[in-house]
Amino acid sequence: MMTRSQQSRTSRLTRPSVAIAAAVAVTAGVVAATPDAKTAAVAGPKLSLIAASKSVTLDSWKEEPGVYLDLGTYLTSEKGAFEFKVTRKSYKDPVVASQIIRNGKKTTTKALPAGLVKDFSGLPGFMEVNVVDAAGKSVLKKTESFCPNNASGRVRPDAPAQSKYPQSCPVNPFTLGSVWGVENGWAANTYAGYYSEPVQLAAGTYTAKVSVTKKYRDLFGIANKPQSVKLTVRERSWEATEGGSGGAAAKVASSSLHSGHAGHAGHQAAADPAPSGHAGHGAPARTDAPASATTGAGATFNVGHGPYPPAPPALPWALKKQAAEKQAGKDAFGAQGFSAARVGDRAGQTDGSRQAPGAQPNAKRPTGKAAVPNVPKPDLRSLPAYGITVSDGYEDVPGKDYLAFSANVWNAGPAKLVVDGFRSPGAELMDAYQYFYDAKGKQVGYTPTGTMEWDPRPGHEHWHFTDFASYRLLKADKKETVRSGKEAFCLANTDAVDYTVKNANWHPGNTDLSTACGQENSISVREVLDVGSGDTYTQDLPGQSFDITNLPNGTYYIQVLANPENRLKETNHKNNSALRKVVLGGKKGARTVKVPAHHLVNAN
């Protein structure tokens, strides 16, 4: 991604979040009500819906009409944390969610009704919003999901200084396990952010009534105390604000969101904010939008990371293409910026593209005899490909057809993967070493494991560890027909794949490329893939995606293969491959692809 701060992403709240935490703390004492006998009988923490402010002002932009309903409402958890474990045994099995209730040393598990939770993005249909106009007429009713891990803050000063829970609800379609939670004495923003679509509200004043839906009130013992918020919608224009104080940041944001066709899409480095691709139009990017500056719905992990907005995660090629097509002949910032932002970590919403400081390599390259001790090691596994579509090669290679896709390799543990690169003066390559640690975290061994190379292409400009993964297109008989030219990678913890595995790190470092992968003049670099996390790359450029121009129509398999040369030491080398079935059709210049469901996962 794009920042270099060495501050911990969990140690502070944004300024608006600090302000709102104080407001939340005051409000909590006002609105918390004694539940009736029915709610009191339900085991678990005491939950309350609160409004941090009696009024909010939200913007509707002329260039992108619509209002994101960040109304500043929070769910507080007292007398214990509001915690969930969400898993699926395999892609053949449904998602199962359980509430974890801790009472001192006693822990009980309460299974949620079967089918209530269908994915890992949160509790569906949790919130209900009813908006009425000045005449008392209802103009909008909608329900929204609730991610307990969403932007949050403390409601009392003696609450834990930091929440132990992750700061996102994952949206990767092949997620295997997640942990959700509102920490004891904390409040989580109920605003669904870019998970939800904007609503159409004309400029004016309204009253919004926000409540927890009945099925969840009954399930978790939440008192029926809806919150009313005065809502003012104001219409604004990017052109009118272009000369304002946000102009410089806007240009950087425009550059970072549109930096050409980055090979590691979503890891777009803003180390070099120079305009490229669609940048340079000067349209003001809403770096904190759609969250109001008064709501505290900021992404707390991104504090102190400089002026750059957080980058989107690895975008499926189809999404980028859709945005580009929508913007044909228009100001190139507009909708594409919003399309990218919807799946990125923006104010009030966290979906997996977390940012954190990079790890520091050892001061010196290892000396002495290399040894691979009998200690826990990482277990690299591949997820099936997704975000699959056909591209025309852009202007780079006209007349060609390419099969583009996203791929993820993750670490099932029980140990993190740690690779250091060391450069001899003047050398083009770094020598790479894998390190091993005992149960106390002491380094007890190392082994040479290939090289790292500098990638100077725009959108990369960082050090790649060679031979980390390989992508191949297999024929129906599963024999190779095309291989991607992409095999070197910078490792970063972009996706929370399974935070229920042993030793999973819910707050991983090295989550953005500019801190994880060094600079051209670096003498050494450390790349880490933590337990429970994976690294998504989007293969959408010629040389990375598969050239299918002259392939016959029919059934093929995209193979994602981790550690193809077995250079990295793992606990298990037999689970490194994942296949995704695709069916090619159409004619040259107009090829099509159909992507059958992968067991219960129906995501292309």
Expressed as a whole percentage, what fraction of the accessible surface of the range 72-176 belongs to carbon and sulfur atoms when a 1.4 Å probe is rolled over the protein heavy atoms?
-> 53
Gain in length, ARG365 to ALA597, computed as 0.36 nm per residue apart minus the alpha-carbon separation, to one decimal in nm?
-> 78.9 nm
Using the Cα gyration tensor of the range 398-489, with a ≥ b ≥ c the square roots of its eigenvalues, what is the shape: rounded (a/c below 1.5), prolate (a/b larger than b/c) or oblate (neither)?
-> oblate
Projected label distance in nm at ASP477 and LYS164, using a 7 Å step from Cα toward the beta-carbon | 5.5
Report, ordered by chain and residue number, the lysines lying within cross-link reach of LYS479, taken as a straight Cα distance under 19 Å and ignoring same-chain residues fewer than 8 apart.
-> LYS574, LYS581
For LYS364, counting only lysines whose alpha-carbon sits under 24 Å away and dropping same-chain residues fewer than eight positions off, the answer is LYS377, LYS416, LYS440, LYS442, LYS569
Using R₀ = 41 Å, calculate the FRET efficiency as 1/(1 + (r/R₀)^6) where r is the Cβ-Cβ separation of SER577 and ASP218; round to 0.05.
-> 0.35
Taking the mean number of other Cβ atoms within 10 Å as a proxy for protection, how do you rank 138-150, 363-375 from highest to lowest?
-> 138-150, 363-375
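Could you give the length gained by full extension between ALA134 and GLU235, i.e. 0.36 nm per residue of separation minus their alpha carbon distance, to one decimal place?
34.6 nm
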ASP438 versus THR205: modelled label distance in nm, points set 7 Å from Cα along the beta carbon direction | 7.0
Stretchable slack from LYS502 to ARG102, in nm (0.36 nm times residue separation minus alpha-carbon distance) = 142.1 nm
For the range 381-452, listing trypsin sites (Lys or Arg not before Pro) in a DSSP loop whose Cβ sees at most 16 other Cβ atoms within 10 Å gives LYS440, LYS442
Within straight cross-link reach of LYS141, meaning Cα distance under 19 Å, which lysines are found once same-chain residues fewer than 8 apart are removed?
-> LYS209, LYS214, LYS215, LYS225, LYS230
For ILE100 the rounded accessible area (nearest 10 Å², probe 1.4 Å, non-protein molecules ignored) is 20
Area of TRP506 that stays accessible when all protein chains are in place (1.4 Å probe, Å², to 10) | 60
Checking rank on 571-577, 492-498, 122-128, 591-597, with mean other Cβ inside 10 Å and highest first, the result is 492-498, 122-128, 591-597, 571-577
How much FRET efficiency would the formula 1/(1 + (r/R0)^6) give for ALA43 and GLU197, where r is the Cβ-Cβ distance and R0 is 56 Å, rounded to 0.05?
-> 0.95
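The values are calculated or read from the model by the stated rules, or taken from the named source; none is laboratory data. Treat the numbers as computed from the prediction; the structure is a model and nothing was measured. Using ideal geometry, Cβ is built from the backbone for each residue, glycine included, and neighbour counts are taken over all protein chains shown. Surface accessibility is based on the protein's heavy atoms, side chains included, excluding ligands, DNA and RNA. Shrake-Rupley method; radii C 1.70, N 1.55, O 1.52, S 1.80 Å.
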